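The values are calculated or read from the model by the stated rules, or taken from the named source; none is laboratory data. Keep in mind that this is a model prediction, so the values were computed, not measured. All Cβ positions, even for glycine, are placed from backbone atoms using ideal geometry, and neighbour counts span all protein chains on display.
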Amino acid sequence: MTNYKSISFSTPMMEAIIARNKTQTRRPIKELNNYLDNELLSVGPTVINGVLHFEIVLKGIDKTFLIKPQYQPGQTIYVRETFAEFLDEYIYRADNKPSEKFMTWKPSMHMPVEAARKFLHVKSVTVQRVKDITSDQAKAEGVKKIADYGENGYLDYNYPNDSYTDLDAKDSFKSLWISIYKSLAWFKNQYVFAYEFEECEAPDDWNDFVQKKIAQRKPKKVK
């Protein structure tokens, strides 16, 4: 049985996935966070025991970093999202139903495996610096267009309630990144894994995996 990994998305990004507007996600390479002032000299994918790694060489650093991305090409992962429990059912904030406005929402990190409803097939992984994102890649990240101003009119995620915006897709993604990782992460130009994915069905052995995870839980203490 496959041991499936999860990935978490914010509610705006879940909305983009549901609308089929999001096919990429970027995640910081934590191992390189202390070397953001060092220029990337080379990055080479290499497969070790069937697992993709990247050999990364930085200017001024007398070592080669061998880093494994969390998600591998060809892998199926399940999505965690903001949720609530109501009458023995799971509901999801990204659905934006008016009747659910007063729910007590729980963060995605606490979502149990049996509540998963979205699955992604990882198509590719590359290493980039976050500022190197192109306009098309920013759109594939699912940034939301809220006004028809040609190439502008994309949401500012630091001011999500503003109805006017003159941001293009790249600047909208910048605001999204800062809203999640704070401004220093953008201005330091973090190294990231850029994942491309497509939505897929639940794996054939998904129910077996869910039952295994449920069986592994520690019973709740009775007060």
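Summary table
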quantity	calculated
All positions within the range 53-111 that are of a type in the set (S, T, N, Q) and touching a Lys or Arg at 6+ places or on another chain (Cβ under 8 Å)	70, 75, 82, 108
Residue within the range 193-207 that is over 23 Å from residue 21 (Cα atoms), of a type outside the set (Ser, Thr, Tyr) and surrounded by 15 or more Cβ atoms within 10 Å (Cβ to Cβ) present	yes
Number of the condition not met by residue 163 [criteria: (1) of a type in the set (Gly, Ala, Ser); (2) more than 22 Å from residue 26 (Cβ to Cβ); (3) surrounded by 13 or more Cβ atoms within 10 Å (Cβ to Cβ)]	(3)
Failed criterion for residue 143 (all others in (1) in a loop (DSSP other than H, G, I, E, B); (2) β-branched (Val, Ile, Thr); (3) touching a Lys or Arg at 6+ places or on another chain (Cβ under 6 Å) hold)	(3)
Looking only at the range 77-96, and only at residues there that are more than 23 Å from residue 28 (Cβ to Cβ) and in a strand (DSSP E or B), the one that is modelled with the lowest pLDDT	86
Failed condition for residue 65, given (1) more than 19 Å from residue 202 (Cα to Cα); (2) surrounded by 15 or more Cβ atoms within 10 Å (Cβ to Cβ); (3) under 18 Å from the mean Cα position of the chain (by Cα)	(3)
Single match in 35, 4 (criterion: closer than 25 Å to residue 105 by Cα and surrounded by 13 or more Cβ atoms within 10 Å (Cβ to Cβ))	4
Among residues of the range 97-123, those that are part of a loop (DSSP other than H, G, I, E, B), over 25 Å from residue 178 (Cβ atoms), at pLDDT 95 or above and not aliphatic (A, V, I, L, M), counted	3
Among the candidates 127, 122, residue that is under 14 Å from the mean Cα position of the chain (by Cα), of a type in the set (Val, Ile, Thr), within 24 Å of residue 33 (Cβ to Cβ) and crowded, with 16+ Cβ neighbours inside 10 Å	122
One residue from 103, 111 being crowded, with 18+ Cβ neighbours inside 10 Å, more than 17 Å from residue 195 (Cβ to Cβ) and in contact (Cβ under 8 Å) with a residue 12 or more places away in the chain	111
Meets criteria (of a type in the set (Val, Ile, Thr), out of contact with any Pro (no Cβ under 8 Å at 6 or more places or on another chain) and at pLDDT below 95) for residue 126	no
Selection from the range 52-69 of residues that are over 15 Å from residue 28 (Cα atoms), in contact with a strand residue (DSSP E or B) (Cβ under 7 Å, 6 or more places away or on another chain) and of a type in the set (Lys, Arg)	59
Criterion (in a helix (DSSP H, G or I), modelled with pLDDT of 95 or more, loosely packed, with under 14 Cβ neighbours inside 10 Å and in contact with a helix residue (DSSP H, G or I) (Cβ under 9 Å, 6 or more places away or on another chain)) met by exactly one of 136, 171	136
Output for the range 38-88, where each listed residue is closer than 13 Å to residue 126 by Cα and among the hydrophobic types (A, V, I, L, M, F, W, C)	43, 52, 54, 56, 67
